[in-house]
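Working notes, structure below.
The values are calculated or read from the model by the stated rules, or taken from the named source; none is laboratory data. Keep in mind it's a predicted model, so treat the numbers as computed, not measured. When we count neighbours, we look across all protein chains shown, and the Cβ atoms used for this are built from the backbone with ideal geometry, even at glycine. Accessible surface areas use protein heavy atoms only, side chains included; no ligands, DNA or RNA. Shrake-Rupley method; radii C 1.70, N 1.55, O 1.52, S 1.80 Å.
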Amino acid sequence: MSALHLGVNIDHVATLRQARYATMPESKNAEPDPVAIASICERAGASGITAHLRADRRHVQDRDIERLRENVMTKLNLEMGNTPEIVDFALRIVPDEVCLVPEKREEITTEGGLDLIVNRRSLTSSVQRLQAAGIRVSMFIDPVPEQIDAASELGAEIVELHTGKLANAYTEKVERQELERLQEAAERAKNLNLQVNAGHGINYRNISLIHKIPHLVELNIGHSIVARAVFVGFEAAVQEMLGLMAEYRG
Ligand code: PXP
């Protein structure tokens, strides 16, 4: 069993910068720089950097992705909605991977998985175009059998299982149910030869629950690492998470 990989989502580094500098992007004072933080995360052992270019550009900006493309040495994963504008952008930048996510302007963060059945037609052509450019395609989905099967049918290489419900479970019953759904989903995806990733709401406490999901290759973690880094810095925050992830036994 090879080690569980960590993709650090640096969106909220950009959130902090935008809180003060959204209207002054060229200011020499515009900080913190997500690209500089990405390098620190890589040096601390992250296997990849993830950034979500939202349609409303609330945190990460086009220029950030361009600079990440030039500077990320490990792997750049562009999280994105399946819209013509963003797909064209991805085809220009050519990240190593894209993770297709649903996107609503009103949401605070990505709320549910992408519905691959409802969106099958528009996804088919986007997946083909992205893959033709050499980009590996991941789909962020709820742990539901029909969605796993649809990801396989659409030709995705990777599924990222939405762990938000497990992370935010308010009773042990919900936690148990959600863990079972994730375990079954991971099994099903593995049997279909899909790479199994997971993300959303994972933190330094609930990572022990994530360890109970089989076949995981990579976790994408954002908020909790950025929050921890406020106290200890990014290098330590990433290394602490990697230390916990090292206990994963598949
Ligand atoms: N994976 C996906 C697909 C996401 O949309 C997000 C949130 O941007 C994350 C992972 C990271 O979630 P969190 O910030 O809760 O760790």
Rounded to the nearest percent, how much of the accessible area of the chain (1.4 Å probe, protein heavy atoms only) is carbon and sulfur? 51
Label point 7 Å beyond Cα of GLN183 along Cβ direction - residues of the stretch 206-250 with amide nitrogen under 16 Å: 208-216, 249-250
Taking every other residue with Cβ under 11 Å from the Cβ of VAL144 and scoring Lys and Arg +1, Asp and Glu -1, one gets -3
The convex hull of the Cα atoms of the stretch 122-250, divided by residue count, gives a volume in Å³ per residue of 121
Rounded to whole Å², per residue accessible area for the stretch 35-92 with a 1.4 Å probe reads 38
Normalised by the number of residues in the chain, what is the relative contact order in percent for Cα pairs under 8 Å and 6+ residues apart? 20
Given the DSSP H assignment, sum -39500 (n - 2.57) over each helix run of at least 4 residues in the chain and divide by its residue total; what's the result at 222 nm in deg cm²/dmol, nearest 500? -13500 deg cm²/dmol
To one decimal place, what orientation-averaged projected area in nm² is obtained for the convex hull of the Cα set of the stretch 60-148? 6.2
Provide the per residue accessible area, probe 1.4 Å, for the stretch 137-206, rounded to a whole number of square angstrom. 46
Distance histogram for the chain (every C-alpha pair counted, 5 angstrom bins, percent rounded to whole numbers): 1, 6, 14, 18, 21, 18, 13, 6, 2, 1, 0
